[in-house]
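Computed from the coordinates by the stated procedures, all read-outs in this text should not be read as laboratory data. Values in this document were obtained by computation on a predicted structure and should not be read as measured data. When we count neighbours, we look across all protein chains shown, and the Cβ atoms used for this are built from the backbone with ideal geometry, even at glycine.
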Amino acid sequence: MKRLTNEQLNAIRERAKRSTPGPWLWEKLTDVEDEWDTEMPMLVTTEGSAIMDFGDCETYYPTEGTPPNPNDAEFISSAREDVPMLLAEIERLERQLSQANGLLSEAHDLLDDVHCYETETYEAISRYFNGGDGE
C-alpha cells in the first residue's frame, strides 16, 4: 500500500469532523411501532438520535434495501471512533519518525566525521536516506 498523502489524510480528517459526533451504536429499536410490528435496525448516537436506518429488518422490501450484515454494521458504527483514533496514531508516529530521522541523520554525520564510510551501519543509514530502506 502506498503512503497516504497529506491531502488524503486531511480529507479523511475533514470527513470525520463533519460527521455526527460519536460514539455511534448499532441498535435494533423494538419500540418503533409500524403496521408489521417489526424491529428497525439503526445507527444511533448514545443519546438515541438516529444517524441511519436500514429499513424493515423482517421484510426488506426492494425499496428499503438489503439486510445489513451485523459485522458490517459493527464496523460502520465503530468507524466514528476508530477513524479519529487512527488519525491521532498516524500523527504520533509521524512525529516519532521525524525525531528518529533527525537522530539517524546526526549519527550518519558523526560516522562521516570520523571517516567510518566502510562500516555496515554507515552504508545502511546511507541507503535509508537514499530510498533504499524504510520507504
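Quick notes
- Dipole of the stretch 73-120 computed with +1 at Lys/Arg Cβ and -1 at Asp/Glu Cβ about the Cα centre; of Gln99, Val114, Leu86, farthest Cα towards the positive end is Leu86.
- The calculated FRET efficiency for Leu110 paired with Glu89, based on their beta-carbon distance and R0 = 25 Å, is about 0.20.
- Listed by Cβ neighbour count within 10 Å, with the fewest neighbours leading, Val83, Val114 appear as Val114, Val83.
- Among Thr119, Thr45, Thr5, sorting on how many other beta-carbon atoms sit within 10 Å of each Cβ, with the fewest leading, yields Thr5, Thr119, Thr45.
- Semi-axis lengths, largest first, of the ellipsoid equivalent to the stretch 69-135 are 42, 13, 6 Å, with √(5λ) applied to each eigenvalue of the Cα gyration tensor.
- Once the C-beta distance of Ala11 and Ala124 is scaled by a Förster radius of 35 Å, the resulting FRET efficiency is 0.50 to the nearest 0.05.
- Ile51 long-range amide H proximity, modeled H, under 5 Å: Leu43, Val44, Thr45
- ³J(HN,Hα), Karplus 6.51/-1.76/1.60, whole Hz, each residue of the stretch 112-118, x for Gly, Pro: 5, 4, 9, 6, 9, 5, 8
- Residue-count net charge about Pro21 - beta-carbon cut-off 12 Å; Lys, Arg +1, Asp, Glu -1: +1
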